[in-house]
Amino acid sequence: MKLTFVFLAGVLLATPLVAQTSKPAPRKPAKITMAQAKEKALAKQPGVIKSQELEKEHGKLIYSFDIQTAAAIHEVNIDAYTGAVIEDSIESPAAEAREAAADKTKAASQTKKKPQ
């Protein structure tokens, strides 16, 4: 009986510790602004920005820009904490269509989650 009580007391005392460690880490705010990120992206790929967003991708907070150049559409991603260019790739029309469809699906699911 005494052993059961000691075991249950241990479990009850450990529960708050487990709960604290399982919480997601607080999101850090971006250290650079959208305007600063835009400058860096356009310095990397001069052109016209077709879309821009702040998003979390692969666990990183990034600014993502689709920039229309004379030759193609470039996706330029800027790290929101360091300001480093972390991606500069050419987007094919198929990739652009997939991204637009994913964004539309994401927006629709976020709309459904909003409380009335």
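The values are calculated or read from the model by the stated rules, or taken from the named source; none is laboratory data. Predicted model, so just to flag it, every value in this text is computed and none were measured. We place every Cβ from the backbone using ideal geometry, glycine too, and count neighbours over all the protein chains shown.
Observations
- Residues (part of a loop (DSSP other than H, G, I, E, B), among the polar types (S, T, N, Q) and modelled with pLDDT under 95) located in segment 8-67: SER22
- Filtered by the rule that a residue be of a type in the set (Asp, Glu) and loosely packed, with under 15 Cβ neighbours inside 10 Å, segment 53-67 gives GLU53, GLU55, GLU57.
Matching residues to (1) among the aliphatic types (A, V, I, L, M); (2) surrounded by 14 or more Cβ atoms within 10 Å (Cβ to Cβ); (3) free of Cβ contacts under 8 Å to residues at least 12 places away in the same chain:
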| position | (1), (2), (3) |
| --- | --- |
| ASN77 | no, yes, no |
| ALA84 | yes, no, yes |
| SER92 | no, no, yes |
| ASP103 | no, no, yes |
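- The set of residues in segment 75-116 being acidic (Asp, Glu) and either in a helix (DSSP H, G or I) or over 22 Å from GLY47 (Cα atoms) (or both) consists of GLU96, GLU99, ASP103.
- Residues of segment 26-52 satisfying the condition of being surrounded by fewer than 12 Cβ atoms within 10 Å (Cβ to Cβ) and either charged (D, E, K, R) or touching a residue at least 40 places away in the same chain (Cβ under 8 Å) (or both): ARG27, LYS28
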